[in-house]
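The values are calculated or read from the model by the stated rules, or taken from the named source; none is laboratory data. In this text, all values refer to a predicted model and were calculated from it rather than measured experimentally. Heads up, the Cβs are rebuilt from the backbone with ideal geometry, glycines too, and the neighbour counts pull from every protein chain shown.
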Amino acid sequence: MQFRRYEDLRSKLLSRELTCEQVISEYLQRIDSKKDDNIFTAVFHEAALQRARELEAKLERAETPGVLFGMPIAIKDNIAMKGAPLSCASKILDGYESVYDATAIERMVAEDAIFVGRTNMDEFAMGSSNENSAIGPVPNPYDKTRVPGGSSGGSAAAVANDLCMVALGSDTGGSVRQPGGFCNVVGLKPTYGRISRYGLVAFASSFDQIGILAANCDDAALVLGVIAGQDDRDATSSHHEVPDYEATMDHVSLEGLRVGVPTAFFPENLNANVAGVVKAGLKKLEDAGAELVEIELPESDYAIAAYYILVTAEASSNLARFDGARYGYRSPDSPDLTSMYVNSRTEGFGAEVKRRIMLGTYVLSAGYYDTYYKKAQQVRRVFQEKYREAFEKVDVIAGPTSPFPPFGIGDKMDNPLEMYLADVFTVPASIVGMPAVSVPVGFDSLGLPVGIHLISNFFEEGKMLGIARNLQAFCQTAPSK
Ligand code: GLN
């Protein structure tokens with residue numbers, strides 16, 4: 001049973017050729033057979049089958065099936081699901097169970113989705129390799145000695161290994177797009193505010209967005225249509241109307257489309273293999289009638305510098321709530337309240353999270369605020385202006401998703417600054433809040449996946465996914481492992 005497109009599964013379910021229970025037990029078996037890959041932090045064996053039977057009964061009663069009827073979905077372990085463990089792959093949330101559903105979860109439930117489990121990630125979504133997880137790394141589906149990308153590495157590996165049809169991730173600076181690129185699947189980060197963040201554990205609130213990993217753009221668009229839209233429980237969620245994404249995608253024409261290719265996205269030290277595959281992909285767009293326009297945008301290195309000041313500042317404040325008193329882990333032997341706080345945080349957080357809390361606290365401290373935080377905000381503003389201006393000239397901006405192919409497990413763990421550079425091309429869209437997607441476009445000479453990263457103007461997810469769909473079809477990569 002292999003469905004790489006929800007539409008095919010749906011028609012078999014609605015025609016009763018297959019039952020939801022058959023489908024879900026097959027997916028659960030596959031998940032169990034990949035247990036050693038550490039992709040899931042929790043698997044909902046019973047709950048998923050129970051839900052499958054409920055949905056089946058719904059069909060029996062001739063009730064209208066929801067748009068995600070029977071779709072097997074995995075959820076990153078930082079998105080709240082009522083009654084399920086919520087660990088953020090951190091020891092500090094050990095044993096904690098969420099008491100409510102995130103808005104995105106609620107909306108998927110209402111459309112008859114089935115959740116198969118929760119996926120591994122970098123602790124609190126901080127990382128680019130999934131190695132900062134309290135339960136250990138996930139191997140890349142194409143080479144087990146390499147990383148799947150991060151922080152949504154589990155979600156990307158789950159889709160690539162066909163352990164679910166779609167997975168939700170979260171993207172603060174590239175955490176859905178970069179693992180999407182590393183695992184040969186579509187990774188979509190919508191416009192900031194497009195999807196409610198209610199129930200997404202906060203890392204850097206002015207950047208965080210729920211994102212979607214899928215084998216193809218149609219499935220990503222379908223899920224986006226369900227979970228996007230204003231939510232009273234998230235004041236930063238947008239009132240912008242949710243369009244019919246499928247229809248918008250169908251209307252996209254490549255003829256005369258202006259694809260901006262920033263010189264900043266093709267630096268001299270870009271991996272030659274990656275550059276070759278990306279340029280070949282762009283050439284296919286050109287062959288189909290698009291015009292490649294060279295554009296100037298600020299160097300992405302500045303985006304990385306500003307990003308790591310702003311997100312660590314926000315994280316230091318957001319993560320203050322994990323104090324040993326309110327959630328999960330509490331250090332057992334602390335004689336007084338202060339040492340209970342200190343010990344719980346010292347023992348509960350991993351090295352990268354601590355590094356960021358310290359850095360964030362430092363950049364916000366009196367005397368340094370103007371030098372770092374304020375400066376970084378000014379850089380953010382310059383990026384916003386430059387990107388807005390760019391979209392007066394082009395329809396979409398394209399470049400590589402990552403400057404290098406998936407790297408070896410352990411290779412960058414001793415060098416955080418080098419690890420941060422993995423996001424050099426994904427961070428700018430997060431700084432400006434624009435939507436972006438990584439599309440699988442081929443493999444390098446070692447057989448490792450390469451993605452093209454498309455950025456579009458605010459709320460133009462439909463158009464962007466329409467272009468991405470064409471690109472994926474031209475490059476004809478087989479998304480399954
Ligand atoms: N890798 C980036 C970081 O470590 C992005 C993380 C994310 O998008 N959640 O901050």
Restricting to region 391-421, give me the number of residues that are without any contact (Cβ under 8 Å) to a residue 12 or more places away in the chain and assigned to a helix (DSSP H, G or I). 3
Could you list, in sequence order, all residues of region 173-187 that are out of contact with any Ser or Thr (no Cβ under 6 Å at 6 or more places or on another chain) and within 13 Å of the ligand (Cβ to nearest atom)? Phe182
Looking at Gly180, Gly199, Gly211, which is the one that is under 19 Å from Asn78 (Cβ atoms), touching a residue at least 40 places away in the same chain (Cβ under 8 Å) and surrounded by fewer than 24 Cβ atoms within 10 Å (Cβ to Cβ)? Gly199
Within the bounds of region 287-306, is there any residue that is more than 28 Å from Leu200 (Cβ to Cβ), at pLDDT 95 or above and in a helix (DSSP H, G or I)? yes
Looking at (1) under 26 Å from Glu17 (Cβ atoms); (2) in contact (Cβ under 8 Å) with a residue 12 or more places away in the chain; (3) hydrophobic (A, V, I, L, M, F, W, C); (4) not in a loop (DSSP other than H, G, I, E, B), which is the one condition that is false for Ile92? (1)
Can you name the residue in region 245-274 that is buried (at least 17 other Cβ atoms within 10 Å of the Cβ) and of a type in the set (Gly, Ala, Ser) and is also farthest from Ser445 (Cα to Cα) among such residues? Gly260
From the option list Ser205, Ser196, Ser238, single residue qualifying as within 16 Å of the ligand (Cβ to nearest atom) and at pLDDT 95 or above is Ser205
Considering only residues that are surrounded by fewer than 20 Cβ atoms within 10 Å (Cβ to Cβ) and hydrophobic (A, V, I, L, M, F, W, C), look in region 441-453 and name the one that is farthest from Ile467 (Cα to Cα). Leu446
Any chance Ser170 is within 12 Å of the ligand (Cβ to nearest atom) and closer than 27 Å to Ala313 by Cβ: yes
Step by step: first the residues of region 405-440, then only those that are more than 18 Å from the chain's Cα centre (by Cα) and crowded, with 20+ Cβ neighbours inside 10 Å, then the one that is farthest from Asp122 (Cα to Cα). Which residue is that? Phe407
Would you call Arg388 over 18 Å from Tyr307 (Cβ atoms), in a helix (DSSP H, G or I) and more than 16 Å from the ligand (Cβ to nearest atom)? yes
Is it fair to say Ala104 is in a helix (DSSP H, G or I), at negative phi and not β-branched (Val, Ile, Thr)? yes
Can you say whether Gly367 is away from the ligand (no atom under 14 Å from the Cβ), modelled with pLDDT of 95 or more, loosely packed, with under 14 Cβ neighbours inside 10 Å and part of a loop (DSSP other than H, G, I, E, B), as far as the supplied structure shows? no
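May I ask you to verify whether Gly66 is exposed (fewer than 14 other Cβ atoms within 10 Å of the Cβ) and either in contact (Cβ under 8 Å) with a residue 40 or more places away in the chain or in a loop (DSSP other than H, G, I, E, B) (or both)?
So Gly66 does not fit the description; no.
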Take region 60-119 and flag every residue that is under 18 Å from Arg326 (Cβ atoms) and among the hydrophobic types (A, V, I, L, M, F, W, C). Ala80, Leu86, Cys88, Ile92, Leu93, Val99
What about Ser206, is it crowded, with 24+ Cβ neighbours inside 10 Å and of a type in the set (S, T, N, Q)? no
Of all residues in region 320-354, which are touching a residue at least 60 places away in the same chain (Cβ under 8 Å) and hydroxyl-bearing (Ser, Thr, Tyr)? Tyr327, Tyr329, Ser344
Being hydrophobic (A, V, I, L, M, F, W, C) and in contact with a Lys or Arg (Cβ under 9 Å, 6 or more places away or on another chain) is true for just one of Ala125, Ala110. Which residue is that? Ala125
Of the numbered conditions (1) within 16 Å of the ligand (Cβ to nearest atom); (2) free of Cβ contacts under 8 Å to residues at least 12 places away in the same chain, Thr312 fails exactly one; give the number of that condition. (2)
How many residues of region 117-152 are buried (at least 24 other Cβ atoms within 10 Å of the Cβ), part of a loop (DSSP other than H, G, I, E, B) and among the small types (Gly, Ala, Ser)? The answer is 8
With the checklist (1) part of a helix (DSSP H, G or I); (2) without any contact (Cβ under 8 Å) to a residue 60 or more places away in the chain in hand, flag the one item Gln472 doesn't pass. (2)
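Counting only residues that are within 13 Å of the chain's Cα centre (by Cα), give me the strands (runs of 3 or more DSSP E) lying completely in region 165-270 with at least 1 of them.
Counting at least 1 such residues, we get 166-171, 186-189, 209-214.
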